[in-house]
Amino acid sequence: MSRLESMFTQLRQQDRAALIPFMTAGDPSLSGTVPLLHALVAAGADAIELGMPFSDPMADGPSIQRASERALAKGVKLRMVLEWVRAFRTSNQHTPIILMGYLNPIETMGMTVFAESAAAAGVDGVIIVDLTPEEGREASATLKDRGIDPIFLLAPTSDGARVAAVRELGGGFVYYVSLRGITGAAQADWDEVLARVGVLQQELTMPVAIGFGIRNADTVARVGKGADAVVVGSALVEQLADCPDDQDALAAASRFIQPLAEAIKNARSKQ
């Protein structure tokens, strides 16, 4: 059983959703990346999305774009990201790590080399934002052959053919983009989002995570009532952006994540 499958199985038994924070590898510092991963887990994260910095992150809002720019300015490369995952795995063998980014750096490395290196490092899933399932059949097979879940995105505009393709080619979970826009955008209609997610949960054979626009404990609790996982990205990245040193970043991450973790644990008990 994969780490992601084990996590969702355990959380179903607890009748709660997973909390999955997103952070950009190398931001706010190179030395702080692995300690931040551990701090997020200690604060209550069930899994972590680790952003692979890229120079043209088309689906990301200003906060994550700037985080990528800061990381790239420090010299962050894809191989460094994989080494940080490997370092994290030396003392944490249970928390799923999902890499999230864009196709260009992976193609530069080579999909097979990337998949083999990611598997060796201890990566559990990969989200390639600009790779559709229709174009990702070969990449999906390459990742699955190495025990890595290819995680695809669905949006409010996704039609039945796209849902079917994701069901066939995806793994781990499906990332449902709650907004028609970029990360960090305005508030969604959460009743509408949860209704759509409920339909997708019936149509798909894997969990559904909701991301985009989730910024505080109240929203985490509301979304956690129906989703299998809740992803928090821009709001955490903004908390880390101005931290002057690693210790401040660790404290900021803990302060931000702890109330979200508490909210998601209690979300369904208040229904």
**OP:** Measure off 7 Å from each Cα along the Cα-to-Cβ vector at residue 248 and residue 12, then give the distance between these two points in nanometres to one decimal.
**Re:** 4.5
Original post:
Taking a label point 7 Å from the Cα of residue 94 along the Cα→Cβ vector, which residues of segment 31-55 have an amide N closer than 20 Å to it?
Top reply: 35-49
Subject >> Relative contact order %, segment 1-125, counting alpha carbon pairs below 8 Å whose residues are six or more apart >> reply: 29
Original post:
Alpha carbon centre of segment 85-103 versus segment 217-271: separation in Å?
Top reply: 19
**OP:** Using Cα centres only, tell me the gap between segment 47-69 and segment 1-44 in whole Å.
**Re:** 17
Original post:
Around residue 116, with a cut-off of 10 angstrom between Cβ atoms, what is the net charge of the other residues, counting Lys and Arg +1 and Asp and Glu -1?
Top reply: 0
Original post:
Which aspartates and glutamates have a Cα less than 17 Å from the Cα of residue 265, not counting those fewer than 8 places away in the same chain?
Top reply: 15, 46, 218, 228
Subject >> the chain - Kirkwood radius from inverse mean 1/r over Cα pairs (Å) >> reply: 18.3
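Read-outs: derived from the displayed coordinates by stated rules, not from any lab. Just so it is clear, the structure is predicted and the values come from calculations on it, not from any experiment. For neighbour counting, all protein chains shown are included, and Cβ atoms are generated from backbone atoms with ideal geometry for every residue, glycine included.
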